[in-house]
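Step one of this worksheet: look at the structure below.
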Amino acid sequence: MKSLNLFILLSTTLAFLINGGYAYDTPSFDIIVKTPTEIEGGKNSPEYQEFVDTVVEEIHDIIMKNKDLCDNPDDIDFIQEDYDVRIKNDPKIKVNYPRKYATIFPISELDNSLYMIGYICPQFVDQVKVLPYITFIDIPAVMMIKNPWDNTYGECEAKEYGYPCCPAEFNTVKYHNELGDWGFDLEHSEWCSITTSFEEKKKEDKCFSESLGYPCCSTCTETVYIDKNGNWGIENGEWCGITNAQVKNEEEEKKCITESIGYPCCSASTETIYTDDEGKWGVEKDEWCLIIYDC
């Protein structure tokens, strides 16, 4: 997994703008933008910055053109004026946390996604949703107030990569990749792993056969026998236990075939090249196929 690069660190600014005592009538929306991968030089290139600037300008233009639809139209101007006053009183805020507009601004990056915050009135949020690069937009459901590195948050795979686990009550998914579901801690400007997805995956990956003296099946082995202990397969001429995740995949394959969505299921070795609401997709024999195997 690619390392997290904070696009703009917000610790002080977010405390003021979002949960530090400044109550705005206009709600703040979490926004996830799909960033281009073909730009030469990556995220440090002028072309990438131009893309980010274009996104900011386009959303800001929607906000300003439609602010009269808001319950309190003056609030949009006040948000900007309020920010301008504070950076005038404390110039280092502008130096450390630069942004062009207080109503729409980027925060951080993860993989090929850019996380932003925008003050958008519900009356015209749909105009932002339909922009081609928007993959997620919603009002934050939970604001974290604990230290995200607190061990009471439980275990999650992200800890192995240097990221904290989200609290148990934090279950709004902002992003998904091969490690599972991710949330975003606005207070600390930090991505965190939603523990429930990791715990469920860990449970699915448990293999019953080891306690019985048999190995776990190492690949997506077909079930050839079922008893009270679980599902069994055969590898290298020997019995092996099939994990709950593999059993789930077999059930998903049957569902994929019998409830056909118009595409076949991929074989176990197929690489994921696209993800949408239906799931993960690969290509086999020059045709799209649905990936259901995680093992």
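The values are calculated or read from the model by the stated rules, or taken from the named source; none is laboratory data. Quick caveat: nothing in here was measured; it's all calculated off a predicted structure. Backbone-built Cβ (ideal geometry, glycine too); neighbour counts: all protein chains shown.
Name the strands (runs of 3 or more DSSP E) wholly inside the stretch 1-119 in which the number of residues that are at pLDDT below 75 is 1 or more. Talk me through it step by step, then tell me what you get.
Working: elements: 28-34, 104-110, 113-119.
Qualifying strands (runs of 3 or more DSSP E): 104-110.
Scan the stretch 120-170 residue by residue and report those that are modelled with pLDDT under 85, part of a loop (DSSP other than H, G, I, E, B) and closer than 23 Å to Arg99 by Cα.
Ile139, Pro140, Met143
Restricted to the stretch 208-231, and to residues that are within 22 Å of Cys265 (Cα to Cα) and hydrophobic (A, V, I, L, M, F, W, C), which residue is surrounded by the most Cβ atoms within 10 Å (Cβ to Cβ)? Give the steps one after another, and end with the answer.
Just the residues of the stretch 208-231 that are within 22 Å of Cys265 (Cα to Cα), to begin with: 217-224, 231.
Now narrow it down to the ones that are hydrophobic (A, V, I, L, M, F, W, C): 217, 220, 224.
On the way: Cys217: 23, Cys220: 20, Val224: 11.
Taking the candidates together, the pick is Cys217.
Is there any pair with a first residue in the stretch 24-45 that is outside the structural domain of Tyr133 (by TED's automatic domain parsing) and surrounded by fewer than 16 Cβ atoms within 10 Å (Cβ to Cβ) and a second that is at pLDDT 80 or above and part of a loop (DSSP other than H, G, I, E, B) whose Cβ atoms are under 9 Å apart and which are 6 or more apart or on different chains, and what are they?
So the pair list comes out empty.
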